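*Asks:* What follows is a single structure, and I will ask about it in a moment.
Laboratory data are not the source of any read-out in this text; all were calculated from the coordinates shown. As the structure is a prediction and not an experimental result, all values here were calculated from the model. Glycine gets a Cβ as well: all are built from the backbone with ideal geometry, and neighbour counts include every protein chain shown.
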Amino acid sequence: MSEAIKKFMFVNTKAPYGTVYALESLEVVLITAAFDQDVSLVFCDDGVFQISNNQNTEASGMKNFSNAYKALGDYDINKLYVEKESLEERGLTLDNIMDLTYEDDDWAEKPSIKLVTRAELADLMDDQDLVISS
Amino acid sequence: MKFTLLINEGPYQHQASDTAYQFAKAALEKGHEIYRVFFYNDGVNNATRLAIPPQDDRNITENWAALAKEHELDMVVCIAAAQRRGMLDADEAGRQGKDADNIHPAFHISGLGQLVEGAIQADRLITFGD
């Protein structure tokens with residue numbers, strides 16, 4: 001395989017269950033991490049709902065895959081950017097978002113989620129080799 | 001330049017596959033390289049060999065197949081996305097105990113690793129979809 005490490009940013013813009021994009025994007029994220037690439041995730045627009053607390057899909061009959069986000073830390077995926085404006089536009093705060101964490105090299109538990117503004121996000125995107133949105 | 005293309009929408013419903021095809025054709029004419037074309041999400045449906053579009057319309061799958069033959073394109077269909085949507089080649093149909101297969105021979109089934117490897121190897125990954 002390749003020795004090159006690229007910076008992959010996955011931008012999640014859609015709600016988790018209305019379309020299949022969130023679920024199938026997560027599959028790509030996990031495979032990309034398995035290739036030891038530099039992976040970060042963005043949650044903006046309705047994408048912030050992908051990591052909202054207390055998801056319950058019982059009435060819709062769909063598979064609740066929200067627990068998979070909790071495993072991201074185990075794959076060394078710990079740069080999860082949540083866009084501040086998107087939360088505000090939807091009447092949400094970080095209290096409505098899952099408490100996603102990872103363990104650092106000293107086994108200390110650290111938060112994976114960073115709240116960023118739209119302007120900060122633009123700078124972060126500018127710094128990537130690949131920006132893949134869905 | 002070396003490109004990998006990612007196609008995320010199905011044929012006819014959405015322009016994504018047509019645009020990707022036109023892009024691939026134009027890029028190849030200009031002497032660029034298409035390292036891989038990867039079909040994901042509903043994009044896997046572009047690989048069906050059973051579609052019968054009206055005769056006065058384009059045949060998207062056959063267009064891809066012809067371009068692939070001319071330029072030896074590596075066209076990969078994601079296995080997980082394909083299975084979920086009932087897209088199988090003969091091997092996979094046999095393995096899964098299904099009585100039919102529908103993947104055009106110009107395409108082949110493989111894993112998402114092919115997308116990531118394509119993204120690493122190419123100068124640009126271009127997504128066609130929503």
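*Asks:* What number of residues within region B:54-82 are surrounded by 16 or more Cβ atoms within 10 Å (Cβ to Cβ), part of a helix (DSSP H, G or I) and out of contact with any Ser or Thr (no Cβ under 7 Å at 6 or more places or on another chain)?
*Replies:* Here is the first cut: in region B:54-82, the ones surrounded by 16 or more Cβ atoms within 10 Å (Cβ to Cβ) are B:60-61, B:63-65, B:67-68, B:73-79, B:81-82.
In the following step, the residues that additionally are part of a helix (DSSP H, G or I) were identified as B:60-61, B:63-65, B:67-68, B:79, B:81-82.
Filter once more, so that each one left must be out of contact with any Ser or Thr (no Cβ under 7 Å at 6 or more places or on another chain): B:63-65, B:67-68, B:81-82.
Here the count works out to 7.
*Asks:* From the set of residues in region A:47-62 that are touching a residue at least 40 places away in the same chain (Cβ under 8 Å) and out of contact with any strand residue (DSSP E or B) (no Cβ under 9 Å at 6 or more places or on another chain), which is nearest to A:P111 (Cα to Cα)?
*Replies:* So the residue we want is A:T57.
*Asks:* Now a separate question. Would you pick out the residues in region B:4-35 that are of a type in the set (S, T, Y) and either assigned to a strand (DSSP E or B) or within 14 Å of chain A (Cβ to nearest Cβ) (or both)?
*Replies:* B:T4, B:Y35, listed by residue number.
*Asks:* Run down A:T32, A:T19 and say which single residue is within 12 Å of chain B (Cβ to nearest Cβ), part of a helix (DSSP H, G or I) and without any contact (Cβ under 8 Å) to a residue 40 or more places away in the chain. Quick ask: steps written out before the conclusion?
*Replies:* Numbers: A:T19 fails: part of a helix (DSSP H, G or I).
Answer to the check: A:T32.
*Asks:* Can you work out which of the residues in region B:85-124 that are within 12 Å of another protein chain (Cβ to nearest Cβ), assigned to a loop (DSSP other than H, G, I, E, B) and of a type in the set (D, E, K, R) is surrounded by the fewest Cβ atoms within 10 Å (Cβ to Cβ)? Don't jump to the end; show me each part of the working.
*Replies:* First pass over region B:85-124, keeping only residues within 12 Å of another protein chain (Cβ to nearest Cβ): B:85, B:110-124.
After this cut, where a residue has to be assigned to a loop (DSSP other than H, G, I, E, B) as well, the list is B:85, B:111-112, B:122-123.
Checking the rest, the ones that are also of a type in the set (D, E, K, R) come to B:85, B:123.
Numbers: B:R85: 17, B:D123: 12.
Among residues in region B:85-124 that are within 12 Å of another protein chain (Cβ to nearest Cβ), assigned to a loop (DSSP other than H, G, I, E, B) and of a type in the set (D, E, K, R), the one surrounded by the fewest Cβ atoms within 10 Å (Cβ to Cβ) is B:D123.
*Asks:* Out of all the residues in region B:44-61, is one or more among the hydroxyl-bearing types (S, T, Y) and in contact with a His (Cβ under 6 Å, 6 or more places away or on another chain)?
*Replies:* For region B:44-61, residues among the hydroxyl-bearing types (S, T, Y) and in contact with a His (Cβ under 6 Å, 6 or more places away or on another chain): present.
*Asks:* (1) under 20 Å from A:V131 (Cβ atoms); (2) among the polar types (S, T, N, Q); (3) over 12 Å from the mean Cα position of the chain (by Cα): which one isn't true of B:N41, the others all being true?
*Replies:* Of everything listed in (1) under 20 Å from A:V131 (Cβ atoms); (2) among the polar types (S, T, N, Q); (3) over 12 Å from the mean Cα position of the chain (by Cα), B:N41 misses just condition (3).
*Asks:* Could you pull out the residue among B:R95, B:R84, B:R49, B:R36 that is touching a helix residue (DSSP H, G or I) at 6+ places or on another chain (Cβ under 9 Å), among the basic types (K, R), free of Cβ contacts under 8 Å to residues at least 12 places away in the same chain and farther than 18 Å from B:H14 by Cα? Show your work before the answer.
*Replies:* Values: B:R95 fails: touching a helix residue (DSSP H, G or I) at 6+ places or on another chain (Cβ under 9 Å); B:R49 fails: free of Cβ contacts under 8 Å to residues at least 12 places away in the same chain; B:R36 fails: free of Cβ contacts under 8 Å to residues at least 12 places away in the same chain.
After ruling out the rest, the residue left standing is B:R84.
*Asks:* Continuing with this model, one more query. Among the residues of region A:41-82, count how many are of a type outside the set (G, A, S) and surrounded by fewer than 20 Cβ atoms within 10 Å (Cβ to Cβ).
*Replies:* The total comes to 18.
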